[in-house]
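Please read the structure below before turning to the comments.
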Amino acid sequence: MIAIDAGHGGQDPGAVGPTGKREKDITLAIARELARQVNATPGLRAHLVRDADVFIPLHRRAQLARAAGADMFISIHADAAENRNAKGSSVYVLSLKGASSQRARWLADKENAADLIGGGKAAATDSMLTNVLLDLTQSGQMKASEDAGNHILQGLKRIGNNHKPHIERANFAVLRTSDMPAMLVETAFLSNPEEEKRLVDPAFQSRVARAVLDGVNTYFTSQPPPGTLFAARAASGAAGGSIAAGVAGGGSR
Ligand SMILES: [Zn+2]
């Protein structure tokens, strides 16, 4: 089960493009398209963390994903920068020990502000104790997140220019409470007039979704969650593709 988190929502519009297109609407459209494609893939099922124009506090999003029994958490966003020429997609994973670049730190601060815009309680999840506990429990998740994030970045590279050639790390609140591989995908720059046009184009939304799904497929093929169709395929080894339908039972987790 893939939890797909459409960034922002409700009173938090996220970034706003040159012609007024709102990040929260774009992320929901891409998330829904990704969910559709995931659900059309044997062995995979999608769970939309939000499927309406509503505000959900950042720490609550991972909780909802966990409650749904998700094996992976993907938060969908659209980037913004002062420089209108900035373009391309990026993939971010959690780091509790500093960001991989100034830009990553700045972006995490910006995304984390969603809770303030949403009138949110910035939550006790920010306490030092919580961070220490997370530090202990999440190192395995972080490695898995990096692996999965790298596969998704490779998928995105195939459809166009990436903003950065590698995944980046920073302290994103939406990824902080996750106990599964989790990443944040900046699909393109809403602040770039050409990319704003592209981001609202269903054909582009579909290509982005396909690229993310390719990465997910590659990751789960290399590291199949137990009891899933991916695990059954891996077990059948060279037999590849000859698995009778239903072998994995309810293997759509
Ligand atoms: Zn965002």
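The values are calculated or read from the model by the stated rules, or taken from the named source; none is laboratory data. If you're wondering where the values come from, they're calculated on a predicted model, not measured in any experiment. Counting neighbours? That spans all protein chains shown, and the Cβs are built from the backbone with ideal geometry, glycine included.
Computed quantities for the displayed model
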{"quantity": "Residues located in segment 57-78, provided they are among the aliphatic types (A, V, I, L, M) and crowded, with 21+ Cβ neighbours inside 10 Å", "calculated": "Leu58, Ala62, Ala65, Ala70, Met72, Ile74, Ile76, Ala78"}
{"quantity": "Residue match in segment 95-103 (condition: surrounded by 19 or more Cβ atoms within 10 Å (Cβ to Cβ), modelled with pLDDT of 90 or more and within 29 Å of Leu190 (Cα to Cα))", "calculated": "yes"}
{"quantity": "Residues within segment 186-228 that are out of contact with any Ser or Thr (no Cβ under 7 Å at 6 or more places or on another chain) and outside any helix (DSSP H, G or I), tallied", "calculated": "12"}
{"quantity": "All strands (runs of 3 or more DSSP E) inside segment 1-108 with 2 or more residues being in contact (Cβ under 8 Å) with a residue 12 or more places away in the chain, within 14 Å of the ligand (Cβ to nearest atom) and under 22 Å from Gly149 (Cβ atoms)", "calculated": "2-6, 72-79, 90-94"}
{"quantity": "Odd one out for His151 among (1) farther than 26 Å from Glu82 by Cα; (2) within 16 Å of the ligand (Cβ to nearest atom); (3) modelled with pLDDT of 90 or more", "calculated": "(2)"}
{"quantity": "Residue match in segment 108-129 (condition: more than 24 Å from Ala31 (Cα to Cα), buried (at least 16 other Cβ atoms within 10 Å of the Cβ) and modelled with pLDDT of 85 or more)", "calculated": "no"}
{"quantity": "Matching residues in segment 13-42 - criterion: being buried (at least 20 other Cβ atoms within 10 Å of the Cβ) and out of contact with any Leu (no Cβ under 9 Å at 6 or more places or on another chain)", "calculated": "Lys24, Thr27, Glu33"}
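Listed here are the residues, each with its yes/no results for (1) at pLDDT 90 or above; (2) surrounded by 18 or more Cβ atoms within 10 Å (Cβ to Cβ).
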position: Asp179; (1), (2): no, no
position: Phe189; (1), (2): yes, yes
position: Glu194; (1), (2): yes, no
position: Phe204; (1), (2): yes, yes
position: Ala211; (1), (2): yes, yes
position: Val216; (1), (2): yes, yes
position: Pro224; (1), (2): no, yes
position: Ala238; (1), (2): no, no
position: Gly251; (1), (2): no, yes
